[in-house]
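Computed from the coordinates by the stated procedures, all read-outs in this text should not be read as laboratory data. A quick note: this is a predicted structure, and the numbers were derived from the prediction, not measured. Counting neighbours? That spans all protein chains shown, and the Cβs are built from the backbone with ideal geometry, glycine included.
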Amino acid sequence: MTFLQAECLRKLGLMRESAEVSQELENHPLTIQSAALTARVSTILSLALQGCGDLPEAVLAARKAAVSAALALDQQDYQIKAQDTLIAALADSDQLEDAWVECLTLAALLQGNPSSQSAGMSYWAIGNVAFLMDQSEEGTKYHRLAAENLSPTNDLELWAKFNRASAEIRLAAGVVQPETLECIDRAELAVSIVGGSERDKVELALTRAHWLVLTGQFDAAAERLKFVISKDRLLATHTAAEAHLLLGRALKAKRDQPEAAQNLKTSEKLFSKAGAPSRADSARELIEDIEPTRS
């Protein structure tokens, strides 16, 4: 029941609380003597830490999960979930080469005919890394495989999360195609049906705003992004940083340079705090474009 509590807290967007419960479970005598339970709790802990924006700690927890899962005989689902989580933590931390190595390990695990949903989650993770490595064709291929294996009739909430995440990773790669907009529309429709947490709705608003920035609709984007930032208590540190970065880009395009620079500086600070140095560098480059004398 405590495992269930940790999962429910995470799904409600209460990431810090989920991490605290997971850490209690991690130190429990029953967990310590079981590789399977250690893999399970370390996976939950890593996901919660990712949600908090504590990326270095999330990577450590995910690596522990992967090592423990490999020791748990006949627990392929735990191995796959641990790999999915490790790949996500590494990708969020800008460790893309390491993430791709783990993708190859995950691809080998998928040869064992996992459940359709497990396969869908895994193809989703591999596609994310491909997009981040500027391999858009590979990313699209794996996300299409994910869509084929994930079903809105089985889990509409997961379907919404997948479509939002797929849209966001495509946008991060600069892929502004009708298929990207379709993902956003599907996610918004699914969330309107299932309700979704307040955090889900804010993250989806961020994705729509990202689309608006990339398609040159800067006024509409700025309005949405200011709403997202007003709810930053619900967001992971690196997600809040992304909102400030996008608002800075939109305001820069609107020639509102002082406010653009202010948001970009906040973004740089938050990305650095979250342990995402290359994203902090992206913000820094935009700041220097506005304030070229900045040291």
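In units of the compact-protein estimate 2.2 N^0.38 Å, segment 161-266 shows a Cα radius of gyration of 1.02. Hey, what's the Cα Rg ratio for the chain versus the globular rule of thumb, 2.2 N^0.38 Å? So the chain has a normalised radius of gyration of 0.99. Short-range pairs are left out: with C-alpha atoms under 8 Å and at least six residues apart, the relative contact order of the chain is 12 percent. Membrane-span-like helices in the chain, defined here as complete DSSP H runs extending at least 15 Å along the helix axis by their C-alpha atoms with mean Kyte-Doolittle hydropathy no lower than 0.0, are 35-52, 55-71, 96-109, 116-132, 156-172, 178-194, 218-230, 237-253; this is a sequence and geometry rule, not a statement about a membrane. Overall form of segment 1-121: oblate. Here a/c, set by the Cα gyration tensor axes a ≥ b ≥ c, is 1.5 or more, and a/b is not larger than b/c. A crude spin-label estimate for the pair E198 and Q135, with each label 7 Å from Cα along the Cβ direction, gives 4.1 nm. As a rough guide to protection, the peptides 235-247, 134-146, 86-98 ranked by mean Cβ packing within 10 Å, highest first, stand as 235-247, 86-98, 134-146. What separates the Cα centres of segment 80-100 and segment 143-160 is a distance of 21 Å.
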